[in-house]
Amino acid sequence: MTERRKGYHGKGYTRSYETKGGARWSYQLRVPVDPTNPGMGTRPIERGGFLSEKEADKALEKAKRDAARGLRIGSKVPTLREYSQRWLDSLDLAAATVAGYRRQLDRHVLPRIGDHTLDAVTTTTLNTLYKTLQTEAPTSVKGRWSNPKPLGANSVRKIATTMGALLDAAVADKHLLDNPAKSDGVRRPSKQAVVEQSSEMTVWTAEQMTRFLTWNRDTRRDPDYPLWQLYAASGARRSEVLALRWADIDLKSGKLHIRRTLDTARPGETKKPKNGKPRSAVSCLRDVEALP
């Protein structure tokens with residue numbers, strides 16, 4: 001016979017029930033249908049399998065505290081893998097930016113901790129991940145990444161930023177109370193470590209550029225030689241030059257107008273320049289004519 005012990009209205013209750021393995025206890029509590037939209041009302045949830053009334057009471061009290069803090073109660077907590085896909089699909093950002101986030105997660109994060117539920121991703125979990133990324137090569141990459149190496153500080157720092165944004169969304173969706181990626185105890189690579197590992201940028205001199213263009217034209221006979229001339233004279237990015245149209249070129253004034261850039265994440269499509277504003281490369285066409 002089932003025995004029930006009720007609490008006050010709205011505070012839930014615990015009850016005992018019989019199973020083949022003996023008596024077990026469960027609790028029931030009314031929680032918001034959607035913590036982000038209180039107007040949707042409440043719904044009952046029940047959790048059972050507790051071996052004693054004390055265990056059920058303890059679980060009920062925790063559920064009430066979590067509900068009071070605005071967390072989702074009674075719903076299955078998604079894994080990092082499940083939630084990350086929904087988060088990526090929800091982003092209203094440039095396709096290339098989202099594709100970059102997806103590569104970071106798919107190559108480096110999800111193979112290691114993707115099966116963790118969101119509430120199991122702790123500061124310690126992330127610290128272990130960031131350390132492992134810098135000491136062990138990924139094992140789930142193919143193609144040109146078939147001989148991968150451990151990541152540098154800059155790459156790991158970018159992944160840590162992505163994880164911070166992803167778990168911010170999990171907090172906003174009421175799956176988590178706090179963001180472990182932004183805890184005081186999280187140890188991501190410092191800016192100083194990034195600077196120490198970065199190699200010094202080297203830029204060709206005018207003489208070196210002239211020698212390269214001469215070789216490209218006369219020895220290699222590259223049909224794309226005019227493209228290399230344009231790069232050298234304008235300083236435009238590759239994706240900007242590849243998105244040029246005839247209307248962007250003013251032969252009379254010698255100006256090149258950068259109005260769009262090729263979208264590398266969506267072949268054949270273009271988007272606004274990196275800073276969102278068009279610009280002109282003054283006299284670059286005259287500079288092209290001056291080159292060898």
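Below, the figures for the structure above:
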{"read-out": "Leading residue at positive end of dipole, the chain (Cβ point charges), from G185, Q134, T19", "value": "T19"}
{"read-out": "Heavy-atom accessible surface of the chain: percent carbon and sulfur, 1.4 Å", "value": "50"}
{"read-out": "List D115, D57, D184, ordered by accessible area with a 1.4 Å probe, largest first", "value": "D184, D115, D57"}
{"read-out": "Trypsin sites (Lys or Arg not before Pro) lying in DSSP loop within the range 218-248, provided at most 15 other Cβ fall within 10 Å", "value": "R220, R221, R237, R245"}
{"read-out": "For the chain, size of Cβ-based charge dipole, Lys and Arg +1, Asp and Glu -1, in debye", "value": "500"}
{"read-out": "Cα shape, the chain, gyration tensor, a/c 1.5 rule", "value": "prolate"}
{"read-out": "Overall form of the range 213-283 per C-alpha gyration tensor (a/c, 1.5; a/b vs b/c)", "value": "oblate"}
{"read-out": "CD proxy at 222 nm, helix term only [per DSSP H run n ≥ 4: -39500 (n - 2.57); per residue of the chain; nearest 500]", "value": "-11000 deg cm²/dmol"}
{"read-out": "Two-site FRET efficiency, K58 against T125, from Cβ-Cβ distance with R₀ of 22 Å, rounded to 0.05", "value": "0.30"}
{"read-out": "Y231 accessible area, assembled protein chains, probe 1.4 Å, Å²", "value": "50"}
{"read-out": "Most mobile of K271, K20, K182 in a GNM of the chain (Cα contacts under 10 Å)", "value": "K20"}
{"read-out": "Near-label residues of the range 115-131 by backbone N, under 14 Å of a point 7 Å along Cα→Cβ of K182", "value": "none"}
{"read-out": "Cα-based shape type of the range 29-116, given that a ≥ b ≥ c are square roots of the gyration tensor eigenvalues and the cut on a/c is 1.5", "value": "oblate"}
{"read-out": "Acute angle (nearest 10 degrees) that the helix 80-90 long axis makes with the longest principal axis of the chain, alpha-carbon atoms", "value": "60"}
{"read-out": "Average accessible area per residue (Å²) across the chain - probe 1.4 Å, nucleic acids and ligands excluded", "value": "64"}
{"read-out": "Whichever lysines have a C-alpha closer than 20 Å to that of K58, once near sequence neighbours (fewer than 8 apart) are set aside", "value": "K6, K11, K76"}
{"read-out": "DSSP loop GluC sites (Glu not before Pro) with at most 13 other Cβ within 10 Å: longest gap in the chain", "value": "1-135"}
{"read-out": "Hull shadow area, averaged, the range 130-281 [alpha-carbon convex hull, nm²]", "value": "14.6"}
{"read-out": "Within a Gaussian network of the chain (alpha carbon springs, distance under 10 Å), most fluctuating of N154, N216, N275", "value": "N275"}
{"read-out": "Under Karplus coefficients 6.51, -1.76 and 1.60, residue-wise ³J(HN,Hα) of the range 28-39 in Hz, glycine/proline x", "value": "10, 8, 8, 10, x, 4, 9, x, 7, 9, x, x"}
{"read-out": "Nearby lysines by direct alpha-carbon distance to K191 (threshold 28 angstrom, same-chain neighbours under 8 apart not counted)", "value": "K131, K149, K158, K182, K274"}
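The values are calculated or read from the model by the stated rules, or taken from the named source; none is laboratory data. Because the structure is predicted, anything quoted here is derived from the model rather than measured. Cβ coordinates were reconstructed from backbone atoms using ideal geometry, including for glycine residues, and neighbour counts include every protein chain displayed. Ligands, DNA and RNA are stripped out before the accessible areas are found, and what is left, the full protein with its side chains, is counted by its heavy atoms. Shrake-Rupley method; radii C 1.70, N 1.55, O 1.52, S 1.80 Å.
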